[in-house]
1. Please identify the pairs in which a residue from the stretch 23-41 that is among the aromatic types (Phe, Trp, Tyr) has its Cβ atom under 8 Å from the Cβ atom of a residue that is in a loop (DSSP other than H, G, I, E, B), counting only partners at least 6 apart or on another chain.
2. I'd like the full set of residues that are within 22 Å of residue 92 (Cβ to Cβ), in a strand (DSSP E or B) and either open to solvent by less than 10 Å² (accessible area, probe 1.4 Å) or not charged (D, E, K, R) (or both), limited to the stretch 38-54.
3. Check residue 24 against each of (1) of a type in the set (Val, Ile, Thr); (2) crowded, with 16+ Cβ neighbours inside 10 Å; (3) part of a strand (DSSP E or B) and name the one condition it does not meet.
4. Select from the stretch 93-107 the residues that are more than 10 Å from the chain's Cα centre (by Cα), outside any loop (DSSP other than H, G, I, E, B) and at pLDDT 95 or above and list them in ascending order.
5. Where residues in the stretch 6-21 are among the hydroxyl-bearing types (Ser, Thr, Tyr) and in contact (Cβ under 8 Å) with a residue 40 or more places away in the chain, which of them is most open to solvent (accessible area, probe 1.4 Å)?
6. Is one or more of the residues making up the stretch 90-98 in contact with a Phe, Trp or Tyr (Cβ under 6 Å, 6 or more places away or on another chain) and either more than 26 Å from residue 23 (Cα to Cα) or open to solvent by 30 Å² or more (accessible area, probe 1.4 Å) (or both)?
7. So residue 114 passes all but one of these: (1) open to solvent by 30 Å² or more (accessible area, probe 1.4 Å); (2) assigned to a loop (DSSP other than H, G, I, E, B). Which condition number does it fail?
8. Go over the candidates 59, 80 one by one and state the one that is of a type in the set (Asp, Glu) and either closer than 16 Å to residue 11 by Cα or open to solvent by less than 70 Å² (accessible area, probe 1.4 Å) (or both).
Amino acid sequence: TESNDNSVNGEITVGYIPEGYELVNRQVYSKNIVVDYKNSDDSLIKIIKSSSANKVEFDTETGSVEYINTNLNSYTYYVDENDCGYLVWNKNDYVYQTYGFISKDELLKIAETVK
């Protein structure tokens, strides 16, 4: 039989967050875990852990997509029409996303420390 279990187990552990950002929210839902960090300018960095059964879609007509391979993982980097950067990757049967108005390099530093 086919499994439709979209539940997410565990937590999100982050080893790197840019200076000035603090944890402001951690929500655990049945289908994902969401962690938010903000700085004093109210700039948000969001990290999401979802079941690999969930879809992630990007509007490639108004944004741009780049594929990045590192020693640790393969990532999809997307920038929307507002210059918000999104990084998406698969790891251990989960889909992870991190996004915010920060550089691609900072998003990669965050992503490579997420467990």
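The values are calculated or read from the model by the stated rules, or taken from the named source; none is laboratory data. Being a predicted model, the structure only gives us computed values, none of them experimental. Counting neighbours? That spans all protein chains shown, and the Cβs are built from the backbone with ideal geometry, glycine included. Heavy atoms of the whole protein, side chains included, go into the accessibility calculation; ligands, DNA and RNA do not. Shrake-Rupley method; radii C 1.70, N 1.55, O 1.52, S 1.80 Å.
1. 29/8; 37/17; 37/21
2. Scanning the stretch 38-54 gives 45, 47, 48, 50, 51.
3. Here residue 24 clears every test but (2).
4. Passing the criteria: 104, 105, 106.
5. Filtering first and then ranking leaves 13.
6. Checked against the condition, which is being in contact with a Phe, Trp or Tyr (Cβ under 6 Å, 6 or more places away or on another chain) and either more than 26 Å from residue 23 (Cα to Cα) or open to solvent by 30 Å² or more (accessible area, probe 1.4 Å) (or both), the stretch 90-98 yields no hits at all.
7. Going through (1) open to solvent by 30 Å² or more (accessible area, probe 1.4 Å); (2) assigned to a loop (DSSP other than H, G, I, E, B) one by one, residue 114 breaks only (1).
8. On inspection, the qualifying residue turns out to be 80.
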